[in-house]
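The values are calculated or read from the model by the stated rules, or taken from the named source; none is laboratory data. Predicted model only: the values in this text are computed from it and were never measured. Every residue, glycine among them, receives a Cβ derived from its backbone with ideal geometry; neighbour counts consider all protein chains shown. Ligands, DNA and RNA are excluded from the accessible area calculation, which covers all protein heavy atoms including side chains. Shrake-Rupley method; radii C 1.70, N 1.55, O 1.52, S 1.80 Å.
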Amino acid sequence: MNSQPKALERMVEAFKLGSFIPEDLDFESPDVKLLLDSLPERRREMFITMAKDPDTRMISNVFNQGMGNYWESVLTAKDKGKKVVFIPFNFSPEIFYALDMVPVGVEVLDTMTMTLEEGISPYLDLSIERGLPETMCSAQRAVVGMLEAGVLGKPDLLVNGALGGCDPNTKVFEYMGEKFDIPTLFIDVPYYHDKRSFKYYEQGFKEVVKILEEVSGNKLDEDRLREVCSLSNKANELAMEISDLKRHVPNPVPNYYNMNHLATKLTKLGTQDAVDFYQMAYDRSLDRFKKGKHVLPEERLRFMFMYTGIYFDNSFHSWFQEEMGISYIMDMLIFSDHVPYIDLRNTDTMLAGLAAINMNLPMTRQLKGKNSFHGGWISDLLYYIEKYKADCVVFTGHTACKQVWGVYRMVADRIQKELGTPTLRMEADGWDSRTTPMEVLKEQWEEFFETIPKYHGEN
Amino acid sequence: MNAIEELSKNCKSLENPYVTEWKSQGKKVMGYACTYLPEELLYAVDILPYRITGRGITDSSKADSYLSRVNCSFARCCLEAALDSKFDFLDGAIFVNGCDHIRRCFENWEAHETAALPFMYILPVPHRLSENGYEWFKEEVSKLRAAFEMRFRVKVTPENLKKAIAVYNETRRLLRKVYDLRAGENPPFTGAEALILVTASTLMPKETFNQLLNEILKTIETKPQEKNNKTRLVVAGSELDDPEFIENVESLGAIVVSDALCFGARSIWNLTDENQEPFDALCRRYYNHEPCPRMAGEFKRRLDFVKDQIQRSHADGAILEYIKFCDQHGTDNALLKINLEKENIPVIELERQYGPLADAGRVRTRVQAFLERIG
């Protein structure tokens with residue numbers, strides 16, 4: 001297998017390098033052209049995506065700095081006597097920061113494999129070669145592959161709080177726990193989204209917190225918890241302000257913010273780095289709003305992913321923004337209007353707040369129960385499409401999302417019936433380019449856009 | 001026609017004469033799709049629990065336009081049968097949030113006004129075993145009971161429930177005898193016959209089934225044993241109600257002597273405690289019964305169960321099958337394989353499609369090679 005050792009070290013290096021892009025970078029200068037020509041294609045595309053637009057560039061600088069710090073903290077955790085915990089994307093990281101542990105979002109780590117020279121494919125394949133069914137989710141499979149290849153150290157603990165929302169998400173944690181002999185904790189997620197369910201989940205969450213105290217060797221300190229929760233509230237407030245800016249037509253928020261936002265919220269909520277990132281993103285977006293800046297040449301369509309997006313190639317963000325006039329408004333993983341504010345009064349209220357955040361995270365909120373429930377996928381999609389004025393909605397068709405595939409048609413029919421918004425169903429894998437490569441995706445998107453009158457300037 | 005042949009005929013189509021007879025008495029029939037449903041509650045009030053499958057469905061084109069190619073063929077066949085009104089003889093359907101596929105099958109069925117039955121219900125079962133989880137489960141079962149009591153104007157009482165529990169326990173004891181006999185040196189039942197028996201028990205009144213199985217067992221006891229030198233196998237994995245799959249395997253010189261299937265040992269191994277308050281005892285039995293891979297953190301128990309079946313039936317190896325796209329069993333099977341092979345138990349993993357003789361040729365080739373390997 002074409003893998004290289006020390007995956008985390010190389011991630012730290014990549015993000016640190018990406019945090020010093022000068023604000024006045026001139027893409028037309030011979031030096032920059034030479035630099036771009038010297039990069040492998042995937043890295044060149046990634047660089048252009050984060051650096052071509054000056055605002056995106058400055059937002060990405062702060063993001064990359066924070067991510068560099070983050071991966072460094074994972075890398076040095078053992079030396080500092082801190083426990084590393086792998087969590088899924090629907091588990092908010094604050095509680096781990098409060099207990100001086102290091103949370104690693106498995107899907108984020110999986111995605112960051114893209115920054116490695118060898119890319120993600122060898123790890124996706126190795127996980128299958130060693131036993132995992134090929135129908136399991138590529139969003140976690142690369143991490144299993146890295147553990148198999150020995151380029152990634154074992155975490156001290158696995159915590160999964162996504163039961164019932166997605167079978168592959170739960171099963172991969174059980175698989176990692178059993179196969180690599182890692183202690184694993186699960187929090188049950190109830191089928192409903194009501195007061196009784198919140199109480200049930202909160203109880204499970206608090207039980208896990210007790211075990212985390214034992215594993216970390218740290219007693220939960222109320223002041224430290226308040227500090228972390230306060231930073232989380234601040235970051236979420238800023239994220240909401242940015243979402244509000246997205247409601248303007250044209251949308252001033254740069255497309256690539258969405259990608260940075262997703263990674264930040266999954267890994268860094270509860271830290272100053274997250275607040276710094278959102279502050280920069282907000283300041284730049286507000287400035288763009290005041291100056292009337294938007295996607296180029298003009299906002300032709302407001303685009304929404306119905307569920308997950310595409311993560312194996314970031315280039316479409318800048319293609320949308322710099323060439324196509326497509327404003328990437330939202331996807332389900334960054335739906336955030338329902339994130340509860342954490343009540344900072346005491347430990348109990350803060351833990352209840354964190355549990356409520358988890359219950360309202362994407363997938364857990366929308367997919368754990370019946371699709372037609374209030375707070376289910378349909379009602380949230382209708383809400384977000386309407387509120388953020390999406391002109392079209394795309395289902396990427398991520399292969400592993402069987403629970404979503406199973407109700408896609410009902411959802412698309414309802415959107416069409418209630419809002420008249422066109423939808424597109426694709427067959428792509430968010431992390432594996434071999435299912436449908438980016439070139440083909442771009443062709444399919446273009447064909448879809450062509451069918452929408454607004455894309456041609458018609459109402 | 002002997003009793004097993006008669007039962008076998010009933011397993012090949014969706015409706016059967018026992019159901020027709022039951023309905024002719026003006027009694028209700030309720031479909032269910034998972035072993036986490038405490039059936040005795042229904043049986044206690046003369047509602048016949050009938051386990052829903054997609055048997056006999058060979059084309060799933062209607063269902064495919066609502067579910068998709070990445071949803072398992074079992075769920076698609078069930079939905080196809082529902083959309084084709086093949087379950088119209090049912091008065092209702094109760095599903096469990098067992099997996100992503102089956103809960104979406106239910107939602108699509110429920111959403112189709114032309115196919116939805118008068119009573120459509122999903123029973124949410126926790127995904128973890130804990131005391132809180134048990135309380136949640138018990139409350140949910142109470143809600144379900146209240147819902148069907150109101151809908152069908154019936155009343156579950158401690159008395160009628162106790163009686164139903166006794167009948168169901170008797171079914172499990174009798175089927176357990178079948179498993180005990182199969183574990184012997186010369187099994188009097190083939191694996192296909194055993195699957196017919198378990199499947200039939202889910203499609204007809206349990207009291208009638210118990211009478212028939214008692215007769216079958218009496219006949220077996222008086223029959224001289226035939227020497228059997230076939231390779232002994234255990235089958236574990238996804239939903240399997242298709243005796244032809246087992247026949248296909250057994251036609252290659254093997255005999256299936258036990259299993260760890262939900263249409264098999266996993267559903268009959270645990271009894272309800274008849275000395276406790278019946279509703280609580282029933283809920284505890286269902287919540288804690290041999291766990292499906294949907295129950296997180298219970299892999300060791302599942303592994304022990306498979307190992308126990310292999311040991312007690314003196315099996316030479318195991319077939320770990322799963323329906324394509326079933327991540328629950330697919331992942332569990334991968335772990336089972338690693339662990340069983342560590343103990344030098346030969347194992348073959350088989351990905352399959354649901355349906356009579358689907359993939360039969362490929363299955364034969366792979367099983368044949370496996371049998372040669374373990375020789």
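Centre-to-centre, using Cα atoms only, the stretch A:50-101 and the stretch B:308-358 are separated by 40 Å.
At a probe radius of 1.4 angstrom, the accessible area of chain B per residue rounds to 37 square angstrom.
What angle do you read, to the nearest 10 degrees and between 0 and 90, between the alpha-carbon axis of helix B:100-111 and the longest principal axis of chain B? It is inclined by approximately 30 degrees. The alpha-carbon atoms of the protein assembly as shown, seen along their principal axes, cover 95, 55, 54 angstrom, with the largest extent given first.
Relative to the Cα centre, the charge distribution of the protein assembly as shown, modelled as +1 at Lys and Arg Cβ and -1 at Asp and Glu Cβ, gives a dipole magnitude of about 1640 debye. In chain B, the longest principal axis of the Cα atoms and the axis of helix B:158-182 are about 10 degrees apart. The protection proxy used here, the mean number of other Cβ atoms lying within 10 Å of each residue, ranks peptides A:32-45, B:250-263 as follows, highest first: B:250-263, A:32-45. Pair-distance distribution of the stretch B:13-68: all C-alpha pairs, bin width 5 Å, starting at 0; shares per bin in whole percent are 4, 16, 20, 20, 17, 11, 9, 2.
Overall form of the stretch A:67-178: oblate. Here a/c, set by the Cα gyration tensor axes a ≥ b ≥ c, is 1.5 or more, and a/b is not larger than b/c. Just how far, in whole angstrom, is the stretch A:226-242 from the stretch A:410-459 if you go by their alpha carbon centroids? Distance between centres, Cα-based: 33 Å. Kirkwood-type hydrodynamic radius, the stretch A:370-459: 14.2 Å, calculated from all non-identical alpha-carbon pairs. Can you give the percent of C-alpha pairs in the stretch B:246-333 whose distance is more than 18 Å? Result: 53 percent of Cα pairs exceed 18 Å. For the stretch B:73-120, the dipole from Cβ point charges (+1 on Lys and Arg, -1 on Asp and Glu) about the Cα centre works out to 180 debye, to the nearest 20. Computed from Cα atoms, the angle from the helix B:360-374 axis to the main principal axis of chain B rounds to 50 degrees. Panel values: chain B, Kirkwood radius from alpha carbon pairs, Stokes-Einstein at 10 °C and 1.306 mPa s, translational diffusion coefficient 76 µm²/s. Please go through the residue pairs A:LYS265/A:LYS387; A:LYS195/A:LYS370; B:LYS230/B:LYS342 and name each one whose alpha carbons sit more than 19 Å apart in this structure. Among A:LYS265/A:LYS387; A:LYS195/A:LYS370; B:LYS230/B:LYS342, the Cα-Cα distance tops 19 Å for A:LYS265/A:LYS387; B:LYS230/B:LYS342. So how much accessible surface do B and A hide from each other in total, probe 1.4 Å, in square angstrom to the nearest 100? For chain B against chain A, roughly 4000 Å² becomes buried. Across peptide B:318-325, the average count of Cβ atoms from other chains found within 10 Å of a residue's Cβ is 2. Ignoring any ligand, DNA or RNA, what whole percent of the accessible area of the protein assembly as shown comes from carbon and sulfur when the probe is 1.4 angstrom? Roughly 49 percent of what the probe reaches on the protein assembly as shown is carbon or sulfur.
For chain B, a crude dipole built from +1 on the beta carbon of Lys and Arg and -1 on the beta carbon of Asp and Glu, taken about the Cα centre, is about 200 debye to the nearest 20. The residue among A:ILE182, A:THR364, B:MET30 whose Cα reaches farthest toward the positive pole of the charge dipole of the protein assembly as shown, with charges on the beta-carbon of Lys, Arg, Asp and Glu, is B:MET30.
For chain A, the Kirkwood hydrodynamic radius from C-alpha pairs, put into Stokes-Einstein at 20 °C and a viscosity of 1.002 mPa s, yields a diffusion coefficient of 96 µm² per second. Checking the Cα-Cα distances for A:LYS16/A:LYS389; A:LYS234/A:LYS454; A:LYS246/A:LYS454 against a 27 Å cut-off, the pairs over it are A:LYS16/A:LYS389; A:LYS234/A:LYS454.
Divide the volume of the convex hull around the Cα atoms of the stretch B:1-135 by the residue count and you get 136 Å³ per residue.
Contact-buried residues of the stretch A:166-189, at a threshold of 30 Å² lost accessible area versus the chain by itself: A:ASP167, A:LYS171, A:GLU174, A:TYR175, A:GLU178, A:PHE186, A:ASP188 (1.4 Å probe; DNA, RNA and ligands ignored).
Peptide B:334-341 has a mean of 3 when you count, residue by residue, the C-beta atoms of other protein chains within 10 Å of its C-beta. Ordering B:340-347, B:188-195 by mean Cβ neighbour count within 10 Å, with the highest value first, yields B:188-195, B:340-347. Packing around the peptides A:247-255, A:142-150, taken as the average count of other Cβ atoms within 10 Å per residue, puts them in this order, highest first: A:142-150, A:247-255. Counting Cβ atoms of other protein chains within 10 Å of each Cβ in A:191-200 and taking the mean gives 2.
Residues of the stretch A:397-411 that bury at least 40 Å² of accessible area when the other protein chains are present, relative to the chain alone (probe 1.4 Å, heavy atoms, ligands and nucleic acids excluded): A:LYS402, A:GLN403, A:TRP405, A:GLY406, A:ARG409, A:MET410. Of all lysines in the structure, those lying under 21 Å Cα to Cα from B:LYS162, and not within fewer than 8 positions of it along the same chain, are B:LYS27, B:LYS28, B:LYS138, B:LYS143, B:LYS206.
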